[in-house]
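Participant: Next up is a structure, given as structure tokens.
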Amino acid sequence: PFHMWTPDVYEGAPTSVTAFFAIVPKIAAMGLMMRLLYVPFEAAMDQWQQIIVFLAYASLLIGSFAGIAQNNIKRLIAYSSIGNMGYALIGIACGSVAGVGSVILFLLIYLLMTAGTFAIILSMRRDGIAVEKISDLGGMSKNHPVLAYCLAALMFSMSGIPPLAGFFSKLFIFNAAIASGFYALAVFGVLASVVAAYYYLRVIKVMFFDEAQDPFDHNIGLERRIVLLVSILFIIGFIFIPAQFFDMSISAASVLF
């Protein structure tokens, strides 16, 4: 919840730099946090769990409600990332192999969903000039139907709507929380997910139901196409093998125990 600088940096930085900020530092920080808390500070779990639970509550609260008022898509993704780290903190607070495993899987899914989303945001250009307003997506389903449906799938996944990968990432987190006795935190996470779904679904509404804006440039780079393709194939293909991915994440998490 202390990342209140994030929306301003996301908005002001070049979009490629914003994409880096949205993915790499958060995954590195969560990996470091798990190594630190579960190895040298494992004996003090009763103490640090209280702090992690508070941070999870605060991150979910700020990330969910602050994103509602955003009109810039990069600022919206910034608050989305704050909320998503709140879900990861729930898994860390569990103090169990299932909790850490669910965080590892959550971060993998978060990485691919965010990469795919930024591949589309990087393609939001008119006459070579980047545009960032959510309203600029108006009528995208008519001008760029493939991009619109890809972004819709990513937004559905981020909001945790089944059966996409984002649903399973949150499901495993909540299961681990309930198994560890954090019932209130799991319920709060579900409610925060419902609130956050508003601004994800708002993006879809703008693309498919608002008045059409001028179309974006069509020269989407090969690299962005590949990133978007991998992201979409993963969040949809994950439906068929969630247990296998969860088993692999549990195997990785067991190293810490």
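The values are calculated or read from the model by the stated rules, or taken from the named source; none is laboratory data. Treat the numbers as computed from the prediction; the structure is a model and nothing was measured. These area figures cover heavy atoms from the full protein model, side chains too; ligands, DNA and RNA do not enter into them. Shrake-Rupley method; radii C 1.70, N 1.55, O 1.52, S 1.80 Å.
Participant: In the chain, what percent of the accessible surface is made up of carbon and sulfur (1.4 Å probe, ligands and nucleic acids excluded)? Don't skip to the end; give the middle numbers.
Facilitator: On the way: 7990 of 11320 Å².
Of the solvent-accessible surface of the chain, carbon and sulfur hold 71 percent.
Participant: Residues of the range 53-94: accessible area per residue at 1.4 Å, in Å²? If you can, show how the numbers build up before the last one.
Facilitator: Details: 980 Å² over 42 residues.
With the other protein chains kept in place, the range 53-94 gives 23 Å² per residue.
Participant: Computed from these coordinates, which is log10 I(q)/I(0) by the Debye sum over Cα atoms at q = 0.07, 0.11, 0.12, 0.13 Å⁻¹: [x] -0.23, -0.57, -0.67, -0.78; [y] -0.20, -0.52, -0.62, -0.74; [z] -0.29, -0.66, -0.76, -0.86?
Facilitator: For log10 I(q)/I(0) by the Debye sum over Cα atoms at q = 0.07, 0.11, 0.12, 0.13 Å⁻¹, the calculated option is [x].
Participant: Scan around Arg126 for amide H atoms under 5 Å from its own, H built in the peptide plane at 1.01 Å from N, and keep only partners 5 or more places away or cross-chain.
Facilitator: HN-HN under 5 Å from Arg126: Val131, Asp217.
Participant: Compactness ratio of the range 192-257: Cα Rg over 2.2 N^0.38 Å, N = residue count?
Facilitator: 1.68
Participant: Out of all Cα-Cα pairs in the range 1-116, roughly what percent, to the nearest whole number, are more than 24 Å apart?
Facilitator: Beyond 24 Å sits 25 percent of the P(r) for the range 1-116.
Participant: In whole Å, how far is the Cα centre of the range 28-65 from that of the range 76-154?
Facilitator: So the two Cα centres are separated by 22 Å.
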